[in-house]
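Engineer: Pasting in a structure now, in structure tokens, and then I'll have a few things to ask.
The values are calculated or read from the model by the stated rules, or taken from the named source; none is laboratory data. None of the values given here were measured: they were computed from a predicted structure. Methodologically, a virtual Cβ is constructed for each residue, glycine included, from the backbone with ideal geometry; neighbour enumeration extends over all protein chains shown.
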Amino acid sequence: NGSTLSREIEQRTLRAFRFLLEMQEPDGEQQTIGAPWPERVLCFGPGYEPDRAGLVALAAVLLERDELKQSTHPSWTVGWLTGLDGIARYQQLNRRAPEGEKVRSYPQSSLVILREGFMDKDFWATVRVIPPSPPQPTAHVHDDTFHVSIAVHKCRIFTDTGSVLTEDARRDYFDSPVAHNVVIIRDADPVPLARGGGEPGGMTILEDERVWIRAGRRAWQRNDRRWWHRRDILFDPATQSIALCDAIDGEGGIDVEVSFHAPANVEIVQRGDLGCIFWKRTGLFRLHPFFPDTFRGFVEKGTNGTMPAVMSRDGLNIDPIQRIRYVAHLTAPAWMIFWMTWDNSSNTPSTEDVKKMFTALGTRSTPARGRRRAVSHD
């Protein structure tokens, strides 16, 4: 309408749309992260889905920012709101990737985003962590701390299940750890974050080209017994691998379950204790589990109206997905490691090599080489 935006509003708007781009997977889609869904930029009712690409293109025109140009031609939103002049201004912009780190931390959202590549976007992941301050709001009832979502190329591998927008019996499932890619101790109760405390979320250590993220919390309790859960994530673009190390501190025998939720359209061509291969037309993704003792692996497929499931985009229905579950009886303190590779990478280390790698990281406060840095964004 010809109004001039103040510098502060312009910068805040630019940060908001950059975050929207950061949340995009390689195929341009966005996952449901808890109840506030990034894809619902403007929500006018359960059945409404905004033109995300058009909103980003509109921001590129109004803010004159090349990094917000995602495609050669804008969508109908730009033409509708700016006319032929806006379309011409959009086409004059140069298409380039936004400047950014391989890891970006958003403490206010309790999110850490990992990515390698843009436009062609080779790898994308989000990690739900504990914010260093202020404490996580009590309104966030999802027990999804340390949940990891992953997408490689144009294939979503591990997904967030979202949440029911209405109050009904299904909400208990979607708010629980069972519906997230986390560690569960059976016959124990989760400790609320308000009482659990935790290490600073989003702390990152960059060593050469590798990224190391660590976060921990007092997670589980049974009568007078308590267990502390720490998850280390090591991302190495050079070897096309990402590894999770889950450490449980405490005492006594525990029945542990670790889940990974995958979309229904991904074919799992190998399953069981030896791990899984996820196949889609865009490539392969491998998951290799390492346990200190005997464990069992399962693949469960949901059906219409049953779990495991993911909330559909209208927030009213559920769509079936797949769940990979690993279960074991361990004696705390205990550890579990999940090594993941994609494409033609065959660099899968032995159990001892993986243990040594995470032990070496855990015994240092700073890397032997490289630099230590906490990356945080508003």
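Engineer: Touching a His at 6+ places or on another chain (Cβ under 6 Å) and either over 28 Å from Arg286 (Cα atoms) or at pLDDT 70 or above (or both): is that true of Asp160 in this structure?
Structural biologist: No: the conditions fail for Asp160.
Here's the yes/no breakdown for (1) of a type in the set (Asp, Glu); (2) over 21 Å from the mean Cα position of the chain (by Cα); (3) modelled with pLDDT under 75:
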| residue | (1), (2), (3) |
| --- | --- |
| Lys301 | no, yes, no |
| Met311 | no, no, yes |
| Asp319 | yes, no, no |
| Ala328 | no, yes, no |
| Pro333 | no, yes, no |
| Asp343 | yes, no, yes |
| Gly362 | no, yes, yes |
| Arg369 | no, yes, yes |
| His377 | no, no, yes |
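Engineer: Condition first: modelled with pLDDT of 80 or more and surrounded by fewer than 19 Cβ atoms within 10 Å (Cβ to Cβ). Now tell me which residues in the range 14-53 satisfy that.
Structural biologist: Selection gives Leu14, Arg15, Ala16, Phe19.
Engineer: Let me ask something additional. Could you tell me which residue of the range 67-107 is nearest to the chain's Cα centre (by Cα), considering only residues that are over 30 Å from Phe235 (Cα atoms) and of a type in the set (D, E, K, R)?
Structural biologist: Filtering first and then ranking leaves Arg89.
Engineer: Quick check on this structure: which one of Phe290, Phe260 is more than 21 Å from the chain's Cα centre (by Cα), modelled with pLDDT of 80 or more and surrounded by 16 or more Cβ atoms within 10 Å (Cβ to Cβ)?
Structural biologist: From the options Phe290, Phe260, the qualifying one is Phe290.
Engineer: Collect the residues in the range 189-214 that are under 14 Å from Asp249 (Cβ atoms) and modelled with pLDDT of 55 or more, keeping them in residue-number order.
Structural biologist: Once the filter is applied, which keeps residues that are under 14 Å from Asp249 (Cβ atoms) and modelled with pLDDT of 55 or more, the range 189-214 yields Val191, Arg214.
Engineer: Also, I was wondering about something else. Which pairs do you get when a residue that is more than 19 Å from Thr13 (Cβ to Cβ), found in the range 67-85, comes within reach of a residue that is of a type outside the set (D, E, K, R), reach meaning Cβ atoms under 8 angstrom, with the pair 6+ apart or on two chains?
Structural biologist: That search, which allows pairs on different chains as well, returns Ser71/Ala53; Ser71/Ala57; Thr72/Gln91; His73/Gln91; Trp76/Gly54; Gly79/Gly86; Gly79/Ile87.
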